[in-house]
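A.B. asks: My questions will all concern the structure given below.
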Amino acid sequence: MVGSGVTVTEVAARFDVSRQSVHAWLKAYRADGLAGLDAKSSRPASSPWQAEAVVDAAVCQMRRDHLRSSEPG
């Protein structure tokens, strides 16, 4: 479409998206071809604030222990 005489604005209107989305699609297509247009997660690859697995496991164990100690009997 774009490149065949159709403007970014026309493509955006046809697919009911913003012009910025069309530009992002074009950039992804130019970089990686059709593979660049695959849906990608917006989730970050890592989180600097995420607890380490060992800490996570210890917290979970402490919660389980606390639940047991608060049971009647």
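The values are calculated or read from the model by the stated rules, or taken from the named source; none is laboratory data. What you see is a predicted model, and the numbers here were worked out from it, not measured in a lab. Quick reminder, even Gly has a Cβ in these numbers, built from the backbone with ideal geometry, and neighbours come from all protein chains shown.
A.B. asks: Out of the residues in segment 23-49 meeting the condition of being exposed (fewer than 10 other Cβ atoms within 10 Å of the Cβ) and not small (Gly, Ala, Ser), tell me which one is farthest from the chain's Cα centre (by Cα).
C.D. replies: The extreme case among them is Arg30.
A.B. asks: Then there's this: Need pairs with beta-carbon distance below 9 Å; first residue at negative phi and within segment 39-61, second polar (S, T, N, Q); sequence gap 6+ or separate chains.
C.D. replies: Asp56/Gln50
A.B. asks: If you don't mind, there's one more thing I want to ask. Regarding Gln20, is this residue surrounded by 10 or more Cβ atoms within 10 Å (Cβ to Cβ) and modelled with pLDDT of 95 or more?
C.D. replies: Working: surrounded by 10 or more Cβ atoms within 10 Å (Cβ to Cβ): yes; modelled with pLDDT of 95 or more: yes.
When the stated conditions are applied, Gln20 passes them.
A.B. asks: Next up: Please find, among Arg68, Arg43, Arg64, the residue that is at pLDDT below 90 and in a helix (DSSP H, G or I).
C.D. replies: Working: Arg43 fails: in a helix (DSSP H, G or I); Arg64 fails: at pLDDT below 90.
Within the list Arg68, Arg43, Arg64, the selection yields Arg68.
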